[in-house]
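Written below as structure tokens is the structure these notes are about.
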Amino acid sequence: MMVLVLIVAGLGVVALLMVLFAPHIRKYSAGGACMSMARLDGKTVLITGANTGIGKETALDLAIRGARVIMACRDVEKGEEAAAFIRRIYCKANVEVRELDLADTSSIRAFAQRFLREVNHLHILINNAGVMMCPYMKTKDGFEMQLGVNHLGHFLLTYLLIGLLKRSAPARIVVVSSLAHNFGWIRFHDLLSQGSYNSGLAYCQSKLANVLFARELARRLNGSSVTVNSVHPGSVRSDLVRHSTVMSLLFSLFSMFLKSPRDGAQTSIYCAVAEELHSLTGKHFSDCAPAFVAPQGRKEETAKKLWDASSELLGIVWDD
């Protein structure tokens, strides 16, 4: 009985301390903020998955800076709701919604075809959309969902738009990865998890693939005035964890230690606009500062091998 009383008392003290220090905890958890006042008047930005979370906040910030922001969303209705929200916040916002399903290469190709026909310039591409720890599912083309959406879908989209980015240079590509890349390995023997599947490990593999893609693309674009950097947004309160009951529970319990979507968007915004990054490429950022990259994310041979495997799966050939 006494042990139970002590446990309850201890939990009460912890809860009280958390309430008292909540403002300080939230301030610390918010992380770095983009301090750049750069304007984007006359610039065109494309953001995938901009209907919610950090994508929506990134779209809002860049629209306020004067950019034409194209929000590429799988759910057009939710995308329009997000666009309406942005216009309510900033009545001059130049935002538009276009349908893009990264789990379907035919949708990606149709999106790019229309985009190239109707849009003359692309100055910033933010590969933001993603899925996390979902049950084993396949994309329309038979790819494991997390690798298919988080990596292969963006790989194909970037391939289709790279010519426009080069013609619009100076231009920037921002690839949203995660700290989870530290725990990932590229399983070339079973890249699409057909032999075995673990939702957490598959997510980590896809985030490592993001880092490797950004680094290899930066190497290939060297001298083109198109920069490529990857970012870790931090642990953000969003619906990204909806597929994992455990992660959803943990995020609810420790919500005050998590970033808001606005806080989580800061590093993407920083890499998109900061003047000091105009020629910096092939790096990884977190909290608006250079961040550690796991050894497996720095291997040039692995990056090239993944590049070739991805190109083969998608049936494409990049011009070097």
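The values are calculated or read from the model by the stated rules, or taken from the named source; none is laboratory data. Nothing here was measured: the structure is a model prediction, and the numbers come from that model. Neighbour counts run over all protein chains shown; Cβ positions are idealised from the backbone, glycine included. Surface areas here come from the heavy atoms of the whole protein model, side chains and all, with no ligands, DNA or RNA. Shrake-Rupley method; radii C 1.70, N 1.55, O 1.52, S 1.80 Å.
For the range 296-309, does any single residue satisfy the condition of being open to solvent by 20 Å² or more (accessible area, probe 1.4 Å) and assigned to a loop (DSSP other than H, G, I, E, B)?
Within the range 296-309, one or more residues are open to solvent by 20 Å² or more (accessible area, probe 1.4 Å) and assigned to a loop (DSSP other than H, G, I, E, B).
(1) among the small types (Gly, Ala, Ser); (2) in a helix (DSSP H, G or I); (3) under 28 Å from residue 290 (Cβ atoms): which one isn't true of residue 32, the others all being true?
Just one mismatch for residue 32, condition (2).
Would you check which residues across the range 84-122 are open to solvent by less than 20 Å² (accessible area, probe 1.4 Å) and of a type outside the set (Phe, Trp, Tyr) and list them?
Within the range 84-122, 86, 93, 95, 98, 100, 102, 103, 108, 112, 119, 122 meet the criteria.
Report the residue count in the range 178-217 for those that are among the aromatic types (Phe, Trp, Tyr), open to solvent by 10 Å² or more (accessible area, probe 1.4 Å) and in a helix (DSSP H, G or I). Spell out how you get there, then give the answer.
Just the residues of the range 178-217 that are among the aromatic types (Phe, Trp, Tyr), to begin with: 183, 185, 188, 197, 203, 213.
Within this subset, residues satisfying the condition of being open to solvent by 10 Å² or more (accessible area, probe 1.4 Å) are 183, 185, 188, 197, 203.
Next, only the ones that are in a helix (DSSP H, G or I) stay: 183, 188, 203.
Of the residues in the range 178-217, 3 are among the aromatic types (Phe, Trp, Tyr), open to solvent by 10 Å² or more (accessible area, probe 1.4 Å) and in a helix (DSSP H, G or I).
Take residue 81 and tell me if it is open to solvent by 30 Å² or more (accessible area, probe 1.4 Å), assigned to a helix (DSSP H, G or I) and of a type in the set (Asp, Glu). So that I can check it myself, show each step before the final result.
Details: open to solvent by 30 Å² or more (accessible area, probe 1.4 Å): yes; assigned to a helix (DSSP H, G or I): yes; of a type in the set (Asp, Glu): yes.
Yes: the conditions hold for residue 81.
Can you work out which of the residues in the range 243-271 that are of a type in the set (A, V, I, L, M, F, W, C), open to solvent by less than 70 Å² (accessible area, probe 1.4 Å) and farther than 11 Å from residue 231 by Cα is modelled with the highest pLDDT?
This residue is 258.
Of the residues in the range 158-177, how many are touching a Leu at 6+ places or on another chain (Cβ under 7 Å), in contact (Cβ under 8 Å) with a residue 60 or more places away in the chain and part of a helix (DSSP H, G or I)?
Residues meeting the conditions: 2.
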